[in-house]
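What follows is calculated from the coordinates using simple rules that are stated; it is not laboratory data. This structure is a prediction, so every number in the text was calculated from the model and none was measured. Here the Cβ positions follow ideal geometry from the backbone for every residue, glycine too, while neighbour counts run over all protein chains shown.
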Amino acid sequence: MTEQEGRTVRDRLVGFGMDPERLAAHIERGALLLDGEPVRDADQVTAPGSRLVVTGQKRSVSAA
């Protein structure tokens, strides 16, 4: 497994600069989507090329 394959939702968004408390709030209100599906666990592993979106915001994070 490569480092990119083992990155969690938390790893990616905190690495992007999101505050961990804000991440938890987005998950709690169902506003964080991974490839169009709501994220329920910040420790969910993401696949390379997957897309994270906070609804109502124009930013997304993609694994390169």
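Residues of the range 37-48 being surrounded by fewer than 16 Cβ atoms within 10 Å (Cβ to Cβ) and touching a residue at least 12 places away in the same chain (Cβ under 8 Å), which ones?
Across the range 37-48, the qualifying residues are ARG40, ASP41, ASP43, GLN44, VAL45, ALA47, PRO48.
Filter the range 19-37 down to the residues that are more than 10 Å from the chain's Cα centre (by Cα) and not in a helix (DSSP H, G or I) and list them by number.
ASP19, ARG29, GLY30, ALA31, GLY36, GLU37
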